[in-house]
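To start, I am sharing the structure in question, which I have written as structure tokens.
The values are calculated or read from the model by the stated rules, or taken from the named source; none is laboratory data. Model, not experiment: these values are computed from the prediction. Positions of Cβ are generated from backbone atoms using ideal geometry, with glycine treated the same way; all protein chains shown enter the neighbour counts. Quick note on the areas: whole protein, heavy atoms, side chains included, nothing else; ligands and nucleic acids left out. Shrake-Rupley method; radii C 1.70, N 1.55, O 1.52, S 1.80 Å.
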Amino acid sequence: MVRYAAAALATNPEKTSRARGEYLRTHFKNMREVAAALTGLKLTKAYAYLSDVKEHKQIIPFRRFAGGVGRASQAKQFKATQGRWPEKSVKFILRLLKNAESNADAKNIDVEDLFVKNIVVQQAPKTRRRTYRAHGRINPYQGNPCHVEVILSASDAEVERAKDKDVVAASSLSGLNRRQVARRRIEAARTA
């Protein structure tokens, strides 16, 4: 069994589904930007967004790895100036999302509730080739593949907080610093 990014699963493993791809032959930097754009979206919205990116109707904003990336007006909606339409990375991430969706289906998780909880992109070992230069020299010609983990989660039902406890806690502890609040709690526990 391979290790996934454990932090995203810690809360509720039966409500999450995962998929991973290793040594994917698509650029790490492009995949990282695609993952950042998708994180937090509902699964249905993610599919629609990626299909729009394939048709150049929407853009993937490039924020971290943006050196030499051209500007595009489509990036304005993401409060960015630079962006691209990385087709190969989109193709790979679509496959992983479909795989994670079918894993969720196998776990009897409702597909409509799923959202992209986390996408982890890590660099894989570079693939080495060589290119021939002038005067008989040889230079490296390396690929930058990546490992990708997709974690989908069903959105949790929100529970309202009890109002009576809030009123008591706010009235008795307002205007106190941390140490004073802690001391009051310890004293209350001793008397109870």
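Output the strands (runs of 3 or more DSSP E) that fall wholly within region 91-192 and possess 1 or more residues being without any contact (Cβ under 8 Å) to a residue 12 or more places away in the chain, touching a strand residue (DSSP E or B) at 6+ places or on another chain (Cβ under 7 Å) and of a type in the set (F, W, Y), or say none.
Filter on region 91-192 gives 127-132.
Filter region 105-134 for residues that are open to solvent by less than 50 Å² (accessible area, probe 1.4 Å) and closer than 20 Å to L50 by Cα; which is farthest from the chain's Cα centre (by Cα)?
The qualifying residue farthest from the chain's Cα centre (by Cα) is V111.
Another question, then. Does at least one position in region 165-179 carry a residue that is of a type in the set (S, T, N, Q), within 38 Å of the chain's Cα centre (by Cα) and at pLDDT 75 or above?
Taking every residue of region 165-179 in turn, at least one turns out to be of a type in the set (S, T, N, Q), within 38 Å of the chain's Cα centre (by Cα) and at pLDDT 75 or above.
Would you confirm, using the coordinates I've provided, whether R63 is assigned to a loop (DSSP other than H, G, I, E, B), surrounded by 17 or more Cβ atoms within 10 Å (Cβ to Cβ), touching a residue at least 12 places away in the same chain (Cβ under 8 Å) and of a type in the set (K, R)?
Considered against the rule, which asks whether it is assigned to a loop (DSSP other than H, G, I, E, B), surrounded by 17 or more Cβ atoms within 10 Å (Cβ to Cβ), touching a residue at least 12 places away in the same chain (Cβ under 8 Å) and of a type in the set (K, R), R63 comes out as yes.
Moving on. Looking only at region 29-42, count every residue that is closer than 30 Å to P125 by Cα and out of contact with any helix residue (DSSP H, G or I) (no Cβ under 6 Å at 6 or more places or on another chain) and tell me the total.
9
Turning to a different aspect of this structure: Quick one: what pairs do we get from region 66-87, first residue under 14 Å from E33 (Cβ atoms), second open to solvent by 70 Å² or more (accessible area, probe 1.4 Å) and not charged (D, E, K, R), C-beta under 7 Å, 6+ apart or different chains?
Once the first residue is under 14 Å from E33 (Cβ atoms) and sits in region 66-87, its partners that are open to solvent by 70 Å² or more (accessible area, probe 1.4 Å) and not charged (D, E, K, R) give A75/T81; W85/H56.
Turning to a different aspect of this structure: Contact list please: Cβ distance under 7 Å, first residue in region 43-58 and without any contact (Cβ under 8 Å) to a residue 24 or more places away in the chain and more than 26 Å from T16 (Cβ to Cβ), second residue open to solvent by less than 50 Å² (accessible area, probe 1.4 Å) and charged (D, E, K, R), pairs at least six apart or on different chains.
Qualifying pairs under 7 Å: Q58/D52.
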